[in-house]
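What follows is a short report on a single structure.
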Amino acid sequence: MGRNHQVYGGGGGTMSRGWSCLFYLLVFLTEILLFGVLILSLVWVYLFKDGFAWRDDIQRQFNLHPVLMITGFIFLMGNAMLVYRLFRCCNKLASKLLHTFLYLLAVPCIVVAMIAVFDNHNLREPPIPNLYSLHSWLGLITMGLFGLQFVVGFFSFWILLCCEQGTSSFRSNMLPIHSTFGIITFMLAIATSLTGYTEKAFFDL
Ligand code: HEM
């Protein structure tokens, strides 16, 4: 195909204009889904669950759990994964910084979401046990994988840059492992969220 019919694609190489249009259409649809799920979770809490609170009302404090988990694990992580697809033609270091920044932003969301749900169990009269459900164990595995990904990714793709030449083959070998585990963590986060919403609907029946 002629050079003028080729444009930068999400994978960093070139692709035909048709594929490029399809690619950006899919990215656009993905963004609609990512924003959509965040907006819907907020609408659900504000319209049907009386909004948020902290410690003085543990029922409303719980509402922070789903919204912040969706923000951290779905919205921020989903966008962090898309950074390399969207800005592949731009400076690689800038994409890497944005990718790390979005992951870093997810950390306080996850921490506050966990405090909210633990308080909801522990501050009740009488308290209810923690970690008794499939959802909570799936959640622990998801958070464990997220933490591992973060530490290994930070070490491999930032710390090891101090010896760029010597570690380049290690880093390029790590890349497919890091992306595969990233996708697995994201899928697990979706499964955890689905079990969470199902459980919540069941409790509220
Ligand atoms: C990836 C996102 C999520 C993770 C990692 C996660 C993790 C957890 C964990 C570890 C617990 C146990 C807390 C305890 O035992 O005190 C829990 C509880 C709970 N979560 Fe989530 N959660 C996520 C998303 C959601 C969502 C979207 C909902 C929707 C409403 C939800 C609803 C619940 C409910 C109802 C509980 C209390 C009952 C139970 O312990 O199973 N979660 N979550």
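The values are calculated or read from the model by the stated rules, or taken from the named source; none is laboratory data. Model, not experiment: these values are computed from the prediction. Neighbour counts run over all protein chains shown; Cβ positions are idealised from the backbone, glycine included. Side chains are part of the model used for accessible areas, which takes the heavy atoms of the whole protein and leaves out ligands, DNA and RNA. Shrake-Rupley method; radii C 1.70, N 1.55, O 1.52, S 1.80 Å.
Here are a few things to note about the model shown:
- Enumeration of residues in segment 158-178 that are surrounded by 14 or more Cβ atoms within 10 Å (Cβ to Cβ) and either charged (D, E, K, R) or closer than 29 Å to residue 33 by Cα (or both): 171, 178
- Counting residues in segment 121-143 that are buried (at least 17 other Cβ atoms within 10 Å of the Cβ), more than 9 Å from the ligand (Cβ to nearest atom) and within 24 Å of the chain's Cα centre (by Cα) gives zero.
- Test: residue in segment 81-90 that is open to solvent by 30 Å² or more (accessible area, probe 1.4 Å) and either among the acidic types (Asp, Glu) or farther than 22 Å from residue 33 by Cβ (or both): yes
- Of the helices (runs of 4 or more DSSP H) that lie entirely inside segment 43-116, those containing 1 or more residues that are within 11 Å of the ligand (Cβ to nearest atom) and more than 23 Å from residue 184 (Cβ to Cβ) span 58-62, 64-69.
- Residue within segment 157-173 that is part of a helix (DSSP H, G or I), within 20 Å of the chain's Cα centre (by Cα) and either of a type in the set (Ser, Thr, Tyr) or closer than 30 Å to residue 55 by Cα (or both) present: no
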